[in-house]
1. Taking only Cα atoms, what is the 0 to 90° angle, nearest 10, from helix 230-242's long axis to the longest principal axis of the chain?
2. Could you grab the relative contact order for the chain? Cα pairs under 8 Å, six or more apart, rounded to a whole percent.
3. Subtract the Cα-Cα distance of residue 111 and residue 180 from 0.36 nm times their separation in residues, and report this length gain in nm to one decimal.
4. By how many degrees, between 0 and 90 and to the nearest 10, does the Cα long axis of helix 63-74 differ from the longest principal axis of the chain?
5. Compute the relative contact order of segment 13-76 as a whole-number percentage, counting only Cα pairs closer than 8 Å that sit 6 or more residues apart in sequence.
6. Cut-off is 10 Å between beta-carbons; in what order do 95, 151 appear when sorted fewest neighbours first?
7. Based on the alpha-carbon set only, what is the convex hull volume of the chain divided per residue, in Å³?
8. Could the peptides 202-215, 10-23 be put in order, highest first, of the mean number of other beta-carbon atoms found within 10 Å of their residues?
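A short reminder: the numbers here are calculations on the coordinates, not readings from a lab. Everything numeric here is computed off the predicted structure, so don't read it as measured data. Counting neighbours? That spans all protein chains shown, and the Cβs are built from the backbone with ideal geometry, glycine included.
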């Protein structure tokens, strides 16, 4: 079987699946069989069960789309970027080249927020998302807290546009404001919760990232400066000023940075600074509380 893409309307689904799998193997795509399955389902626009019950069904007019998706995925582009959407916390969100592709581990911030505010679900909370990107965290939190209102800030106008569209698509337009800004500049508190998934990859490590990240996520959302801590030095001192007494800040971190961010939180006068682990058991979030 050749590995060049040459699909046409008469190509059977099973043949296309085998073709995609072989090309993905040669392209060193991790778990090529699973990726072939997901790519075919997305490109052909059919439910997964259709590949099981009717594998000999021809692709028809979807052939060109399957070919395009396969070519792009073989080049390392994540499927979420090819289709332009990502599911996060049960929400279907638009993504674009201007925003970070939200990963499942970032949901750790949402989970930790729910624990911290479990008795305040009916209150009119104020939430701030610094570096809002696609709006994933802000949308998830406002969906969980139906009486909360939130502000999302991003320095990228393109990211702010995506966040606004996601806020509207999630039915949250009346409770969320998206601003273009440089972290906390121009913001007035107090807030009940501040969250952030800032850029935290050290500059020297950018070239070592997987190609799905380095080639397709915006550098602005990755580059954390020389040591990866530049954004935290901007966020933490101002966050304490913007929080109600006793309110919390949650920031995503790399596990190797957790100790440094904890130390910074303590120097900024936060109380009860601690790490929160993700489902893989890695330190993923630093949570800190403004002193009462």
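1. Roughly 50 degrees between the two axes.
2. Numbers: 543 pairs, mean separation 39.1, N = 292.
Reported as a whole number, the value is 13 percent.
3. Residue separation times 0.36 nm, minus the Cα-Cα distance, leaves 22.2 nm.
4. Here the helix axis deviates by roughly 50 degrees.
5. Relative contact order, segment 13-76: 42 percent.
6. 151, 95
7. On the way: hull volume 39.9 nm³, N = 292.
Taking only Cα atoms, the chain has a hull volume of 137 Å³ per residue.
8. Numbers: 202-215: 13.7, 10-23: 18.7.
Ranking the peptides 202-215, 10-23 by packing returns 10-23, 202-215.
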